[in-house]
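Notes follow once the structure below has been shown.
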Amino acid sequence: MTKMENKRIVRPWQAAWMLLVGIAVIIAGLLVMKLNNRIVLALDGVIMCLMAWCFGIPYAELQQGIKETVSSMIVAILILLSVGVLVGVWMASGTVPVMIYYGMKVLTPGLFLPVVCILCTLMSTMAGTSWGTLATVGVDPFLFRPIQQLHQFRRQRVTHEQVQLIRITNS
């Protein structure tokens with residue numbers, strides 16, 4: 001027998017049961033018990049392994065599946081870690097605030113979306129990662145609009161009550 005013939009296949013009702021239990025554990029852990037998402041996912045993984053074991057799948061096979069899954073995701077994990085380091089360095093060194101400052105001086109509201117689209121396209125193409133673009137250049141568009149509104153309020157000498165009313169209506 002080959003390795004594929006030895007593998008135990010989960011029946012559809014077992015897979016559906018595992019899916020429902022997994023979703024229930026996640027909802028209960030996050031929404032009801034207000035636990036940290038990492039704890040909930042780790043607990044859910046343990047429960048899924050126990051259920052698979054109860055359905056007759058040997059632990060060695062479960063362990064091999066986990067190894068294969070993690071090894072296939074390692075490149076994405078390393079990219080996310082690298083992007084996190086890059087964003088942290090940019091924030092600590094003041095690059096993002098400088099980009100926002102000069103962006104507010106150069107861009108008008110009418111040019112904002114086309115310029116952001118072109119910049120993000122160029123950055124994504126040059127860097128080779130859309131995640132890196134979102135975490136670096138893509139941070140500024142999310143921060144640009146609220147800061148631009150704040151400067152408009154200051155120029156118009158808007159009262160605190162008017163700002164609160166605008167925040168409530170925008171929510």
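If you rank Glu61, Glu68 by fewest surrounding Cβ atoms within 10 Å, what's the result?
Working: Glu61 15, Glu68 10.
Starting with the residue having the fewest Cβ neighbours, the order is Glu68, Glu61.
In terms of other Cβ atoms within 10 Å, Cys54, Cys49 run from fewest to most in the order Cys54, Cys49. Ordering Val75, Val115 by the number of other Cβ atoms within 10 Å of each residue's own Cβ, fewest first, gives Val75, Val115.
We did not get these values from a lab; they are worked out from the coordinates using the rules stated. Nothing here was measured: the structure is a model prediction, and the numbers come from that model. No Cβ is skipped: glycine too gets one built from the backbone with ideal geometry, and neighbour counts run over all protein chains shown.
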